[in-house]
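Got a structure here, written out as C-alpha cells. Questions coming.
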Amino acid sequence: MFSAEFTMEAAAPDNDDFNSQRRSSSPDLHRPNLSELRVVLLGNSWSQRSSVGNFILRAAVFNTEEEADCCQRVRGQLKEKCIVLVNTPDLLLPDISEHKLTEHVETCVSLCDPGPHVFLLVLQP
C-alpha cells in the first residue's frame, strides 16, 4: 500500500570502464531505505483527522470524541512499515493567535523529527 518505485536515469559516457562498473538493475538498489513514514494530519475537524488516522492504522488510536489542544503523535505498524501519525490541533481556525499557531507548529515539527514525509489535508466531503 505504501510502496513507491524510484528510477534513476543518467547519461552515461561511452567507455568500457563505466559499463563494467554499472550496478545491478535490481529495483531495490533505487529505493531509499525509510525506517518509518511520518505523516502530519491537517484539517479543520479534530474528529475527522482522528478518524482518518484510525483508518490508516486500522485501530482506534486517536479519540475522535475529545478534541485535544495539542499535537498528538502515534506510532503504528502497517504490514512491514512503521507509520508515525501526528494529529495537529485546529491550526486553520480564523481566531487562533499567532503565538498559539507558532507554538503548535513548533511542537508538530519536533514530533516529526527529522521531518515529515507527508502532509495529509483532511477535508469534509
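Readers should treat all values here as calculations from the given coordinates under stated rules, not as data from a laboratory. Predicted model, so just to flag it, every value in this text is computed and none were measured. A quick note on method: Cβ atoms are made from the backbone with ideal geometry, for glycine too, and the neighbour counts reach across all protein chains shown.
How large is ³J(HN,Hα) for each residue in the range 60-74, as worked out from phi by the Karplus curve 6.51 cos²θ - 1.76 cosθ + 1.60 (θ = phi - 60°), to whole Hz, x for Gly and Pro?
So the J values, rounded to whole Hz, are 7, 9, 9, 7, 7, 8, 9, 7, 9, 9, 8, 6, 10, 10, 10.
How far apart, in nm, are the 7 Å Cα→Cβ label points at Asp95 and Thr64?
With each label point 7 Å from Cα toward Cβ, the separation is 2.7 nm.
With the crude spin-label approximation of a point 7 Å out along Cα→Cβ, what separation in nm comes out for Glu80 versus His117?
1.4
I need two numbers for the range 36-86: Rg to one decimal and Dmax as a whole number, Cα atoms only, in Å.
So, for the range 36-86, Rg and Dmax equal 10.5, 32 Å respectively.
How big is the antiparallel share of DSSP beta bridges in the range 32-122, given as a percent to the nearest 5?
Antiparallel bridges make up about 40 percent of those DSSP assigns within the range 32-122.
Okay, moving on. Considering every Cα-Cα pair within the range 32-122, what fraction, in whole percent, is farther apart than 21 Å?
Cα-Cα pairs of the range 32-122 separated by over 21 Å account for 27 percent.
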